[in-house]
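A short write-up of the structure that comes next.
The values are calculated or read from the model by the stated rules, or taken from the named source; none is laboratory data. Owing to the predicted nature of the structure, the values given are computational and were not obtained by experimental measurement. Using ideal geometry, Cβ is built from the backbone for each residue, glycine included, and neighbour counts are taken over all protein chains shown. These area figures cover heavy atoms from the full protein model, side chains too; ligands, DNA and RNA do not enter into them. Shrake-Rupley method; radii C 1.70, N 1.55, O 1.52, S 1.80 Å.
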Amino acid sequence: MQFAAKRSIIPNAVREVSLEEMLRARDERAERQRELLEKYGLPVLSVTLNIAGGVKNTPMIRTLFGICMDKVRAAVEHSGGGIVDLEEVFADTGCEAQMGVSGISAKRLKAIACGLEERDETGRLYDIDIIDENGEKLSRPTERKCLICDNPVKLCARSRRHTAGELFSRTNELIAGELSRIIEAAAYFALIKEVEATPKPGLVDLDNNGAHTDMDLELFRQSAAATSPFFGKMAYAVFTWKDGDAAALMKTLRRTGMDAEYAMLAATNGVNTHKGLIFSLGLLTAAAALCIKCGCDFDEIAPWVKTLVQSEGSETVSAATNGSRVYDKYGARGARGEAEGGYENAFLAAAAIERRLHDGMSENDAHVLSLMELTERMDDSNLLHRGGMDGLRFFKAESAKINALPESGRIERIRLFDAEAIKRNLSPGGAADMLCAGIFLNRIKNELF
């Protein structure tokens with residue numbers, strides 16, 4: 001597996017395009033708009049991106065375009081409109097989409113477009129044009145602002161106030177910031193949804209504090225709020241990383257992870273609520289960001305996790321912890337082993353959640369039932385720490401009995417099991433971490449891949 005550790009974390013070279021190519025692309029776009037107008041007699045909505053410099057298409061740019069298109073679709077549907085004959089193009093000259101829109105006037109569409117362009121800083125990169133039924137391109141009521149300053153963009157362009165390099169850097173910062181915010185929000189979502197999933201045997205949930213005397217629901221919520229911004233920082237570090245050395249990147253990520261631990265402990269008055277998840281979600285965050293940056297599919301997240309872990313070798317062995325003591329006694333690998341295996345259990349949980357949601361199950365029950373599959377499958381180091389091998393065997397056996405029931409009858413049985421787990425002081429914290437990671441993976445798959 002040494003090959004994986006040598007994978008470059010810098011995307012493959014992309015091609016700069018010429019002015020002639022950009023002009024030709026503009027003419028082809030105009031022709032497609034004319035075809036839509038003649039065929040349907042509807043307003044035409046055109047989406048491109050304002051990307052400074054000669055490189056108009058990278059994996060991160062394509063991801064941002066997908067986010068923009070999701071916002072466009074949602075805004076049109078929310079306003080009662082329908083999209084007709086959508087065509088998307090992903091070329092060296094940039095990403096673009098042309099579509100007819102029914103049920104909404106061109107004037108209203110222009111207001112929607114301006115709202116998307118002005119909603120936040122990233123909207124400055126969106127270029128959404130509206131052509132009415134007569135072929136007239138509607139003008140903006142106000143002039144757009146510069147990417148770097150708040151002056152009108154035409155004024156800055158005429159005076160060449162900012163260099164191409166400055167505009168290119170600002171563009172990349174905006175894209176990295178937007179993608180990082182989405183990943184941060186997904187991490188917070190996962191942290192909250194995991195702790196609120198109810199019932200969970202032996203774990204803190206909406207019903208009780210499980211087998212824990214030092215933790216409750218509010219403490220976990222405070223910890224989630226304190227730690228989630230650091231996952232955004234990790235993602236941003238990856239998106240803006242210019243060195244191809246995975247080991248150097250991991251050092252930066254570890255420093256950010258340590259900052260997250262300090263923030264967690266400050267928020268919880270020293271209680272360890274999410275230390276394991278800071279490690280696991282941190283790695284998955286970085287791996288997902290690397291996939292986006294390098295144009296990889298969602299399935300490449302696991303190999304990227306292994307790349308990052310292997311880049312450190314064995315130099316990260318730390319002081320004795322509950323997990324390390326369990327490993328010494330029972331050989332259970334814990335959080336480090338999950339990482340070295342590419343988080344197989346987290347991906348299985350993500351797939352189980354996705355399947356159950358697709359079948360119409362409630363979000364809560366999908367999470368709870370997927371957790372029980374994890375507790376049956378995993379040699380949970382937290383169970384070993386609390387109950388030894390007997391405790392682990394008991395928990396896995398009871399989980400297997402529950403999982404053998406029809407899905408519709410499992411929740412009430414899990415509530416009964418919760419009482420017994422509390423009585424025995426058993427809490428499957430490792431499985432809960434993988435459930436959280438699975439929720440995170442399912443979230444970013446739907447939003448970014």
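Shown in residue order for region 109-126 are the 3J(HN,Hα) couplings computed by the Karplus curve 6.51 cos²θ - 1.76 cosθ + 1.60 at θ = phi - 60°: 4, 5, 5, 5, 4, 5, x, 5, 6, 10, 5, 8, 4, 5, x, 5, 8, 7 Hz (x for Gly and Pro).
Karplus-based coupling profile of region 434-449, in residue order and whole Hz: 6, 4, 4, 4, x, 4, 4, 4, 4, 5, 6, 4, 6, 9, 10, 10, with θ = phi - 60° in 6.51 cos²θ - 1.76 cosθ + 1.60 and x standing for Gly or Pro. Here the gap between Leu405 and Ala247, fully extended at 0.36 nm per residue and compared with their Cα-Cα distance, gives a gain of 52.3 nm.
Backbone phi angles across region 230-240, fed through the Karplus curve with coefficients 6.51, -1.76 and 1.60 (θ = phi - 60°), yield HN-Hα couplings of 6, 5, x, 5, 5, 4, 5, 4, 5, 4, 9 Hz in residue order; Gly and Pro are listed as x. FRET efficiency for the Asn50 to Arg108 pair, using the beta carbon distance and R₀ = 41 Å, is estimated at 0.95. Taking amide H atoms as placed 1.01 Å from N in the peptide plane, list the residues 5 or more away in sequence, or in a different chain, whose amide H sits under 5 Å from that of Asp205. Sorted by chain and number, the residues that satisfy this are Gly210. Solvent-accessible surface of the chain, taken per residue with a 1.4 Å probe and all protein chains present: 46 Å². Phe417 exposes around 10 Å² of accessible area when a 1.4 Å probe is run over every protein chain in place. Rolling a 1.4 Å probe across all protein chains gives His385 an accessible area of roughly 90 Å². Working from label points 7 Å from Cα in the Cα-to-Cβ sense, the Glu173 to Phe90 distance is 2.8 nm.
Oblate is the label for region 80-209, because a/c, from the alpha-carbon gyration tensor with a ≥ b ≥ c as root eigenvalues, is 1.5 or above and a/b does not exceed b/c. Taking a straight line from the alpha carbon of Lys251, these lysines sit under 17 Å away, with near neighbours fewer than eight places off in the same chain left out: Lys6, Lys233, Lys242, Lys306. One Cα centroid belongs to region 400-449, the other to region 171-199; the line between them spans 21 Å. Solvent-accessible area of the chain (1.4 angstrom probe, protein heavy atoms only): carbon and sulfur portion equals 50 percent.
Here the simple spin-label model places points 7 Å from the Cα toward Cβ, and for Asp214 and Glu344 these points are separated by 3.3 nm.
For region 14-81, what does the alpha-carbon gyration tensor say about shape, rounded, prolate or oblate, given a ≥ b ≥ c as the root eigenvalues, a/c under 1.5 as rounded, and a/b over b/c as prolate? In terms of gyration-tensor shape, oblate. Report which label in (1) 92, 54, 46; (2) 91, 61, 35; (3) 75, 47, 39 holds the value of Cα extents along the principal axes in Å derived from the coordinates of this structure. The value computed from this structure is option (3). Helical runs assigned H by DSSP (4 residues or longer) give the chain a calculated mean residue ellipticity at 222 nm of -20500 deg cm²/dmol, each run adding -39500 (n - 2.57) before division by the residue total. Calculated from the alpha-carbon coordinates, region 212-265 shows an Rg and a Dmax of 14.0, 46 Å respectively.
Global dimensions of region 388-449 from alpha-carbon coordinates: Rg and Dmax equal 14.5, 43 Å.
Note on Glu28 and Ser139: their simple-model spin labels are 3.1 nm apart, each label 7 Å out from Cα toward Cβ.
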